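Structure first, commentary second.
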Amino acid sequence: MRIYDLIETKKRGGALTEEEIAYMVRGFVDGRIPDYQMSAMLMAIYFQGMNDREITYLTLEMAHSGDMVDLSPIEGIKVDKHSTGGVGDKTTLVVGPMVASLGVKVAKMSGRGLGHTGGTVDKLESIPGFKTAIPREEFFDIVNGNGIAVIGQSGNMVPADKKLYALRDVTATVDSIPLIASSIMSKKLAAGSDSIVLDVKTGSGAFMKTLDESICLAKKMVSIGCMAGRRCCALITNMDIPLGYAIGNSLEMTEAIRTLKGEGPEDLTRVCLELAANMLHLAGRGTVKECRKMAEETIHDGSALKRLALMVKAQGGDESFIWKPEQFGSPACAYEVKAPAQGYISHMDTEGIGTASVLLGAGRNTKEDPIDYGAGIVLKKKYGEKVMPGDVLAVLYADSMERIQAGADKFLSSCTISQDAPGPETLIYARVSEYEVERFEGLEKLP
Ligand code: URA
């Protein structure tokens, strides 16, 4: 077999066989297939796509390229959730403790932020002392004891995705349905949970910009999960507007804590309740409606917040930050971005706003870049709101005025102010299960 011939097949729109996909993935991981040939293959896949069988083979081959985690030492049903990546998306920090406080185990392996999107591991590491690299046995013990632990992906999990993702990131081949589906599902299958809820983001801040593409991606991922014997469903949620008001690591931790106290933004709270309800439902705890009520109760009775504090303590973090988040402090510079004109915020380029937070120091341009945990953006106005000239649109935080300037320029150019009030946006578009796509469009409106 020669990779040259496989590239030729895919370039002309042909389908790769199971053996060919195994040859390609193994050869790339062990270095026999060089980056330049794999780049050509990725671009061919980007343009020609893959059929369902190819996506399944690719996912399974990637999942088995490294350790498959066996979660059987953890008692009970283990539920995972995964977001396709967004701006201001701190849902794991809220739904994990909610679900765990109801007795369903959350043994979660999360990622760091890359590009304009944030990552749960970075947000948790903004708490002094919090460890996201812990040995497997200790991870199991913490989940058995407290119901939840969130760690980074360990050394040899899905090496195929690590290499492929790094190459996709620099060859403009990230936003491809077969490549995203196989990347996410290979990690979810290797991470070992029984049930998986996917949060597929759609809109200007998501990798999938249209609803149709997002539903297509969700269907593929759900069918891979079910085919691999996991219970799986997806929610399609809005990423045309940042989720909540805070963007940046410790800022998002603080907003997640407020949400667990029942004082969070409405959009974030609703998406978290829906994700938690679906996680509990897949774990067999009742109908989605019954589970939504149970999840709500964990906010009202404080049990979810206590569970977050337990998790932080068990992972070496300073638990007092959960009870007194004002301790997070702020970077040296804060700056108010003001509305240049009167009108309505009619569009938020959410990818641009995510990039503004990276420019402020909240994210990385390369994997090696350090991050400033306190840097970021607190929105004061969102989509649909009326503004007068001089009204504060957002407060930016960074460690220098140079960063503030770069972030402010990017932020302002990402917000459109128009004379006419824009129409309402949908918050949760659909639920995709093994059997159906249930559309909620028109039922869940924002603002
Ligand atoms: N998140 C992933 O883990 N992989 C992708 O390809 C896109 C988002």
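Projecting the Cα atoms of Leu16, Gly203, Ile404 onto the charge dipole of the chain, computed from C-beta unit charges around the Cα centre, puts Leu16 farthest toward the positive end.
Distance between the C-alpha centres of segment 323-362 and segment 250-275: 18 Å, rounded to the whole angstrom.
When only the Cβ of Lys, Arg, Asp and Glu is charged (+1, +1, -1, -1), the dipole of segment 304-447 relative to its Cα centre reaches about 360 debye. From the Kirkwood radius over Cα pairs of segment 37-139, Stokes-Einstein at 25 °C and 0.890 mPa s returns a whole-number translational diffusion coefficient of 147 µm²/s. For Lys338, the lysines whose Cα comes closer than 21 Å to its Cα, not counting residues fewer than 8 places off in the same chain, are Lys380, Lys381, Lys382, Lys386, Lys410. For segment 353-432, the gyration tensor built on C-alpha atoms gives an oblate shape. Its axis ratio a/c (a ≥ b ≥ c) is at least 1.5, and a/b is not larger than b/c.
Where a ≥ b ≥ c are the square roots of the eigenvalues of the C-alpha gyration tensor, would you call segment 228-307 rounded, which needs a/c under 1.5, or, failing that, prolate if a/b is larger than b/c, or oblate? Judged from the Cα gyration tensor, segment 228-307 comes out oblate (a/c at least 1.5, b/c at or above a/b). Here is how the number arises for the chain: DSSP H runs of 4 or more residues each give -39500 (n - 2.57), the sum is divided by the residue count, and the result at 222 nm is -14000 deg cm²/dmol.
Legend: calculated FRET efficiency, Arg53 to Gln342, from the Cβ-Cβ distance at R0 = 45 Å, rounded to 0.05, equals 0.20.
A DSSP coil position with no more than 12 other Cβ atoms inside 10 Å describes the following trypsin sites (Lys or Arg not before Pro) in segment 12-43: Arg12, Arg32. Placing +1 on the Cβ of every Lys and Arg and -1 on the Cβ of every Asp and Glu, with nothing else charged, gives segment 386-436 a dipole about its Cα centre of roughly 120 debye. Treating r as the C-beta distance of Ala166 and Gln419 and R0 as 41 Å, the FRET efficiency rounds to 0.35.
The charge dipole of the chain, taken about the Cα centre with unit charges on the Cβ atoms of Lys, Arg (+1) and Asp, Glu (-1), comes to about 300 debye, rounded to the nearest 20.
FYI, it's all coordinate maths here, none of it is from the lab. Quantities reported herein were computed from a predicted structural model and do not represent experimental measurements. Methodologically, a virtual Cβ is constructed for each residue, glycine included, from the backbone with ideal geometry; neighbour enumeration extends over all protein chains shown.
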